[in-house]
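Structure first, then comments.
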Amino acid sequence: MVRLRSWFLGEVTENPSGHLGPYRKPTETEHTHPWWKVMCLTGVDYFSTLGYQPGIAALAAGTLAPLATVVLIVLTLFGALPVYRRVARESPTGEGSIAMLEKLLPKWGGKVLVLVLLGFAATDFLITMTLSAADASAHVIENPFAPAGLDSAQVIVTLVLLALLTAVFLKGFTEAIGIAVVLVGTFLALNLVVVFVGFWEIAKNPSLLSDWQHAMTAQHGNPLMMIAVALIVFPKLALGLSGFETGVAVMPQIAADGDDALPNRIRDARRLITTAALIMSGFLLTSSIITTVLVPQDEFQSGGGANGRALSYLSHEYLGEVFGTVYDVSTIAILWFAGASAMAGLLNLVPRYLPKYGMAPEWARAVRPLVLVFSLIAVAVTLYFDASVDAQSSAYATGVLVLITSASVAVAISAARNRQRVQMWVFSVIAVVFVYTTVTNIFERPDGVKVASFFILVIMAVSFWSRVTRSFELRTDSVEFDEWSLQYIEEAAARGRIRIVCHDARHLDPAEYAAKEEQQRRDSNIPADEPILFLEANIRDASDFSSDLLVHGEQKGDYQVLWVDASAVPNSIAAVLLQIRNVTDVRPDVYFEWSEGNPLVNLLRFLFIGVGEVAPVTREVLRRAEPDRDRRPNVHVG
């Protein structure tokens, strides 16, 4: 049992995604890779959408799918691409746009925004896992060589694929890039063959093209109406924008050495993002044309042969069952591995933020518990959507669009703060376009925001509950004393007793020190010949859960004062007292006044702004941190 617990909670790191290798900053002993190989890692997510994107586009836009895809490509190359090229420059260690907004909007506002964005990111990555597995299962079931009994077992097949993904992550997974290169190279090569054959069939039968044109004209009238409809429906094609956030996250894996390592990594990351966008744009357009022209519209509907697998349908139709099966196997593999990429994204995001905010238990830094949590959620999502690719597409698109919108807003704010007026206006226009696209998608397909809202509410509720339950921890990573503070403490310890009076850091009038000393000596019976040290804790950012404390010493008139910047007053006082005991081996005595006001209000003030019920909270923090009463600092309240 002990060995099982040790294995299950092993590999606790700040970024458990290091379990896979690609999503953490490599150490000096680890290997990085050329940018084009790293591109394949993000490509298993980005390029794998070709497995279902053409079918979803045809289902959403009908005969106008190619025109709506052109709009999507324009938004990709002139919207998302420049945004993420800037994100890559400003987050070279893979933090992404969420970290940019966290820095631009500090304190509680920034942290609440991060929690909301994490909800949308969870929607994006979890639906990537479930949608990709569902589409992979569709390729399994629709293959002519598949057993007949699988026709009604798509949910079961999807759950099996998710279970295999979970097993891989529980065992350990380190060769992600090598596998990604093989999968992406094979998948793109097979798609190139299908696209070439598709255009060859159109070239042999020009009537197919004219029939498509007549169908568009009959349905939508003149070209202006077609363009208008394409602009309206293109938000439904937003799945083709996935992969940009992952492209930034893999930056630390790009090889870059020497004095110019960071600029070279930024350059190659931007090259990675640009190349991936160009490749995907080419395949999006060509695949949309051949599937719209060659596949009967009825086949795109639910239950049709091309639903969620349009290119696979064409590969079987025009290249034979053997090639079609090879294409299916390649598609199944890359869709399954796209789930691995999404799982890695979740393992990168959650430990990066929530434990640091005090909004997750410490086991959330471990890989395997998180893998099980995410896998169980993925199972629930699969059952909820009945493993339907079409039903999940709206939630996926919502997550993707919100992340890209947040990135565009972040770079617009960054450009404004850097007084780059031209870039500010350009990125502001891009942000407005993405806001429109996101809002349109939400209004037309509200299921997506419902799913995202569920994740947001769960993350917020769990996060704040965890923060409340962990508030009585020390919340301190380290405590150090400067030269003067250490001298004051050692002088007091040499007399055999260290008496510390806590003083409100907002009241700095020297006369108040005299009044506070007189009151505490009277109320607590402190002898007149024993010196007193005053301790002041300044709230720096109450939204931070933990911090490194540096205790300063300062002479203020006749009084020796210790002061420290912290995120919470009682926790920092407790940490300083324990460190004083460790340094001097003398149990300090600390003196407080009772807090005035409503106890419940004071408790809420402590939870959210770091002040309030200082004396009782300090005592409780000390009690939990030091079980031995003979070594615990003494708390006195007057």
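With respect to GLU30, is the statement that it is more than 20 Å from LEU192 (Cβ to Cβ), of a type in the set (Asp, Glu) and either surrounded by 24 or more Cβ atoms within 10 Å (Cβ to Cβ) or at pLDDT 80 or above (or both) true? No: the conditions fail for GLU30. Among the residues of the stretch 548-577, just one is assigned to a loop (DSSP other than H, G, I, E, B) and among the aliphatic types (A, V, I, L, M), namely ALA568.
Annotation note: of VAL422, VAL439, VAL411, VAL458, the sole residue that is at pLDDT 80 or above, closer than 24 Å to LYS236 by Cα, in a helix (DSSP H, G or I) and hydrophobic (A, V, I, L, M, F, W, C) is VAL439. Among the residues of the stretch 493-520, those that are over 18 Å from GLY557 (Cα atoms), surrounded by 13 or more Cβ atoms within 10 Å (Cβ to Cβ) and either acidic (Asp, Glu) or modelled with pLDDT of 85 or more (or both) comprise ALA493, ARG497, ILE498, ARG499.
Looking at the stretch 509-547, which of its residues are under 30 Å from PRO351 (Cβ atoms), outside any loop (DSSP other than H, G, I, E, B), out of contact with any Phe, Trp or Tyr (no Cβ under 8 Å at 6 or more places or on another chain) and not hydroxyl-bearing (Ser, Thr, Tyr)? Give the steps one after another, and end with the answer.
We begin by selecting, within the stretch 509-547, every residue under 30 Å from PRO351 (Cβ atoms); these are 537-547.
Filter once more, so that each one left must be outside any loop (DSSP other than H, G, I, E, B): 537-539, 547.
Of the ones still in play, those that are also out of contact with any Phe, Trp or Tyr (no Cβ under 8 Å at 6 or more places or on another chain) are 539, 547.
Correct list: ILE539 only.
Residue-level analysis places ALA68 among those that are at pLDDT 85 or above and crowded, with 23+ Cβ neighbours inside 10 Å. Screening VAL402 against (1) closer than 28 Å to TYR84 by Cα; (2) surrounded by fewer than 23 Cβ atoms within 10 Å (Cβ to Cβ); (3) hydrophobic (A, V, I, L, M, F, W, C) leaves a single unmet condition, (2). Would you confirm whether any residue within the stretch 202-219 is over 29 Å from ARG86 (Cα atoms), over 23 Å from the mean Cα position of the chain (by Cα), aromatic (Phe, Trp, Tyr) and surrounded by fewer than 19 Cβ atoms within 10 Å (Cβ to Cβ)? For the stretch 202-219, residues over 29 Å from ARG86 (Cα atoms), over 23 Å from the mean Cα position of the chain (by Cα), aromatic (Phe, Trp, Tyr) and surrounded by fewer than 19 Cβ atoms within 10 Å (Cβ to Cβ): present.
The condition of being in the same structural domain as ASN143 (by TED's automatic domain parsing), under 28 Å from LYS171 (Cα atoms), among the aromatic types (Phe, Trp, Tyr) and in contact with a helix residue (DSSP H, G or I) (Cβ under 8 Å, 6 or more places away or on another chain) holds for only one of TYR318, TYR313, TYR353, TYR357, that being TYR353. Only a single item in (1) surrounded by 21 or more Cβ atoms within 10 Å (Cβ to Cβ); (2) at pLDDT 80 or above is not met by HIS19, and it is number (2).
If you scan the stretch 230-256, which residues turn out to be aliphatic (A, V, I, L, M) and over 21 Å from ASN348 (Cβ atoms)? If the condition is that a residue be aliphatic (A, V, I, L, M) and over 21 Å from ASN348 (Cβ atoms), then ALA230, LEU231, ILE232, VAL233, LEU237, ALA238, LEU239 are the ones that fit. Of all the listed residues (LEU562, LEU577, LEU533, LEU550), the sole one being in contact with a Ser or Thr (Cβ under 6 Å, 6 or more places away or on another chain), within 21 Å of PHE481 (Cα to Cα) and in contact (Cβ under 8 Å) with a residue 40 or more places away in the chain is LEU562. Taken over the stretch 376-397, the criterion of being on the phi < 0 side of the Ramachandran plot and either assigned to a loop (DSSP other than H, G, I, E, B) or in contact with an Asp or Glu (Cβ under 8 Å, 6 or more places away or on another chain) (or both) is satisfied by SER388, VAL389, ALA391, SER394, ALA395, TYR396. Residues considered: SER453, SER485. Of these, the only one that is buried (at least 19 other Cβ atoms within 10 Å of the Cβ) and either at positive phi or part of a helix (DSSP H, G or I) (or both) is SER485.
So is ILE279 buried (at least 24 other Cβ atoms within 10 Å of the Cβ), under 25 Å from VAL194 (Cα atoms) and touching a residue at least 12 places away in the same chain (Cβ under 8 Å) or not? Criteria not met by ILE279.
In the set (1) of a type outside the set (A, V, I, L, M, F, W, C); (2) closer than 25 Å to LYS236 by Cβ; (3) modelled with pLDDT under 90; (4) surrounded by 24 or more Cβ atoms within 10 Å (Cβ to Cβ), the condition left unmet by ASP328 is number (2).
State whether the residues of the stretch 603-622 include one that is more than 18 Å from ALA493 (Cβ to Cβ), at pLDDT below 85 and aromatic (Phe, Trp, Tyr). Yes, that holds for at least one residue. Within the stretch 349-358, can one find any residue that is in contact (Cβ under 8 Å) with a residue 24 or more places away in the chain, buried (at least 23 other Cβ atoms within 10 Å of the Cβ) and under 21 Å from SER132 (Cα atoms)? Among the residues of the stretch 349-358, at least one is in contact (Cβ under 8 Å) with a residue 24 or more places away in the chain, buried (at least 23 other Cβ atoms within 10 Å of the Cβ) and under 21 Å from SER132 (Cα atoms), which makes the answer yes.
The values are calculated or read from the model by the stated rules, or taken from the named source; none is laboratory data. Since we're looking at a predicted model, the values are computed, not measured. Neighbour counts are summed over all protein chains in view; Cβ atoms, including those assigned to glycine, are modelled from backbone coordinates with ideal geometry.
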